[in-house]
1. Can you pull out the trypsin sites (Lys or Arg not before Pro) in region 1-104 whose DSSP state is coil and whose Cβ has at most 13 other Cβ atoms within 10 Å?
2. Evaluate the charge dipole of the chain about its Cα centre and quote only its size in Debye, nearest 20, assuming +1 on the Cβ of each Lys and Arg and -1 on the Cβ of each Asp and Glu.
3. Could you work out the relative contact order of the chain, using alpha carbon pairs under 8 angstrom and six or more residues apart, expressed as a whole percent?
4. For an R0 of 41 angstrom, estimate the FRET efficiency from the Cβ-Cβ distance between Asp55 and Ala20 and round to the nearest 0.05.
5. Any number yet on Rg/Rh for the chain, C-alpha, Kirkwood?
6. Which one of Phe18, Gly85, Leu58 is farthest out on the positive end of the charge dipole of the chain, using unit charges on Cβ (Lys, Arg +1; Asp, Glu -1) and the Cα centre as origin?
7. Relative to the longest principal axis of the chain, what angle (0 to 90°, nearest 10) does the C-alpha long axis of helix 9-37 take?
8. Calculate, in nm to one decimal, what Glu105 and Glu2 gain on full extension: separation in residues at 0.36 nm each, minus their alpha carbon distance.
Amino acid sequence: MEEPRWLSPAELKAWMAFVAATTLLDGALDRQLQRDSGMPHAYYLILAMLSDAPDHTLRMSELASATQSSQSRLSHAVTRLERQGWVRRRPCPDDRRSTFATLTEDGLAALRAAAPGHVGTVRDNLFDALTPEQVGQLETICGAMLARLRRDPDATPIPGSCP
């Protein structure tokens, strides 16, 4: 068995900073959305993915891929969003195994109401801490990570993300 390629001290320091920053950012985004809009970050992402889709509609399988959710977890979330009147499901006419999820007008209104606070939290906790040069570096770093992660045949593209 081959010896693992352990992280160098510099890599370990960068890794720990990355994990801490992304964990804290996820928590800050979720708390802000729950407090101000009564929705978890996962629901916001579902609404945002649907808002960017043609006719505000995606197959449930595409939506699961786009949000990096399991079919089961997504189904539970969409059920709750349906109860809110924010999403509507309907069967796919050409494939009885598929179901479409569509963002409703109320869902779009909820997303639009939540977006300013969400963007403010992203700006406050990420972009306001960076120089314009660092923003470019962040895009480059994330692009390299995405390219590597997408080599996995099981990886799914995230709509709106850079290739």
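1. Counting only loop positions with at most 13 other Cβ atoms within 10 Å, the trypsin sites (Lys or Arg not before Pro) in region 1-104 are Arg5, Arg96, Arg97.
2. Numbers: 18 positive and 20 negative charges, 107 e Å.
In debye, rounded to 20, the chain gives about 520.
3. Over the chain, the number comes to 22 percent.
4. Step by step, r from the Cβ atoms, then E = 0.55.
5. 1.02
6. Farthest towards the positive end: Gly85.
7. The angle comes out at about 30 degrees.
8. On the way: separation 103, 0.36 × 103 = 37.08 nm, distance 5.59 nm.
Stretched fully, the Glu105-Glu2 segment lengthens by 31.5 nm.
Just so you know, all these numbers are worked out from the coordinates, no wet-lab data involved. Remember, predicted model here, so these are calculated numbers, not experimental data. Heads up, the Cβs are rebuilt from the backbone with ideal geometry, glycines too, and the neighbour counts pull from every protein chain shown.
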